[in-house]
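Derivation of every value follows stated rules applied to the coordinates shown; laboratory data play no part. Being a predicted model, the structure only gives us computed values, none of them experimental. As a convention, Cβ positions derive from the backbone with ideal geometry for all residues, glycine included, and neighbour counts pool all protein chains shown.
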Amino acid sequence: MANFYKNAFYDPSTTDVVTLYTCPNNANAIVQNIQVTNESGSKIVKASVYDSNVTTVFQVAYASITGPTICNLAKGPIILEENDTIRLESSDVSDISATLSILEISREDQNG
């Protein structure tokens, strides 16, 4: 079993939902932080998880933020199982970005 620390970055070119990370089928993952930076204006940012076990999308965070500001959408750890995804969407594409901090826990040997 091996642990991997990963980042996923959000720099939107669309206001549609964007998948930022998909948990591999041989792992579980913990999203520890969803840091959103809004450089100016008012924006709505939403985070959701697609649960592949029940083929359903669940909204896990919603923020109406006015910039310039930085906020964390994840108020606690978000657990992803194999093939689950984490997604973000924003009401605007300008002056907004995000970074996800992820701990991926593989069930395979790192050398194998």
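Residues of segment 48-87 that are small (Gly, Ala, Ser) and either loosely packed, with under 13 Cβ neighbours inside 10 Å or closer than 12 Å to TYR21 by Cα (or both): SER48, SER64, GLY76.
Go through THR22, THR14 for me and flag whichever is crowded, with 16+ Cβ neighbours inside 10 Å and either among the aromatic types (Phe, Trp, Tyr) or in contact (Cβ under 8 Å) with a residue 60 or more places away in the chain (or both).
One residue alone meets the criteria, THR22.
Cβ contacts < 8 Å: first residue touching a residue at least 60 places away in the same chain (Cβ under 8 Å) and basic (Lys, Arg), restricted to segment 86-106; second residue in a strand (DSSP E or B) and surrounded by fewer than 15 Cβ atoms within 10 Å (Cβ to Cβ), any location; separation 6+ or different chain. Result? If the second residue must be in a strand (DSSP E or B) and surrounded by fewer than 15 Cβ atoms within 10 Å (Cβ to Cβ), the pairs left are ARG87/THR19; ARG87/VAL57.
Residues in segment 40-72 that are without any contact (Cβ under 8 Å) to a residue 24 or more places away in the chain and not in a strand (DSSP E or B): VAL54, THR55. The single condition among (1) outside any strand (DSSP E or B); (2) among the charged types (D, E, K, R); (3) in contact with a Lys or Arg (Cβ under 8 Å, 6 or more places away or on another chain) that LYS75 does not satisfy is (3).
Give segment 39-63 a look and list any residue that's among the hydrophobic types (A, V, I, L, M, F, W, C), in contact with a strand residue (DSSP E or B) (Cβ under 7 Å, 6 or more places away or on another chain) and under 15 Å from ASN83 (Cα atoms), or say none. Quick ask: steps written out before the conclusion?
Looking only at segment 39-63, we keep the residues that are among the hydrophobic types (A, V, I, L, M, F, W, C), and these are 44-45, 47, 49, 54, 57-58, 60-61, 63.
In the following step, the residues that additionally are in contact with a strand residue (DSSP E or B) (Cβ under 7 Å, 6 or more places away or on another chain) were identified as 44-45, 47, 49, 57-58, 60-61, 63.
Residues satisfying the conditions are VAL49, VAL57, PHE58.
If you go through segment 1-31 and keep only what is over 21 Å from LYS75 (Cβ atoms) and assigned to a loop (DSSP other than H, G, I, E, B), you end up with MET1, ASP11, PRO12, SER13, THR14, THR15, ASP16, PRO24, ASN25, ASN26.
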